[in-house]
1. Considering only the range 112-138, how many residues are over 20 Å from residue 176 (Cα atoms) and surrounded by fewer than 18 Cβ atoms within 10 Å (Cβ to Cβ)?
2. Please find, among 112, 72, 144, 128, the residue that is without any contact (Cβ under 8 Å) to a residue 60 or more places away in the chain and not assigned by TED's automatic domain parsing to the domain that holds residue 166.
3. Given the criteria part of a loop (DSSP other than H, G, I, E, B), buried (at least 17 other Cβ atoms within 10 Å of the Cβ) and at pLDDT below 95, does residue 195 qualify?
């Protein structure tokens, strides 16, 4: 009877490992993982984890990668997701479409709705929310940039920093030692305050 029960548990666990979904995934490196799954709720990795869909928690010692991540994604060195909803944390975080918080030394996103908080924050397309760091770069920024150096192509909101630089301002205010607005501001360059309402 004990051998029959042990055989049943072994067969059931092998079936679980072969399935496309699993509540927990343990990973050593990339596809060296148990179980091999494309969807999980909890993913724990040592060197690297590559799970396409995670709705829950993705914790990794070195790096984490996911196509779709909803929840918490954290790693020491590198954290990447195509679609991120929640909190992403590592030394270097990158996401194509981020909704939530990116927290690391270097944060990069194409589209951001939320907060980038780190030493350097970069947004390549649309940003709605806040960038808080020493250096902040945004293509189209609506919200707050707070740092030593803030730069945007198109800006609407508030820039607080030592140097604030924007090409076009729709509506907003720059407060800092050097404030540059190439098009649409009160002055092309001004100390302390510049803007447009």
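The values are calculated or read from the model by the stated rules, or taken from the named source; none is laboratory data. Bear in mind the structure is a predicted one, so any value in this text is a computation, not a measurement. Glycine also receives a Cβ, built like all others from the backbone with ideal geometry; neighbour counts cover every protein chain displayed.
1. Matching residues across the range 112-138 total 5.
2. Checking each option against the conditions leaves just 72.
3. On the way: part of a loop (DSSP other than H, G, I, E, B): no; buried (at least 17 other Cβ atoms within 10 Å of the Cβ): yes; at pLDDT below 95: yes.
Here the answer is no, as residue 195 does not meet what is asked.
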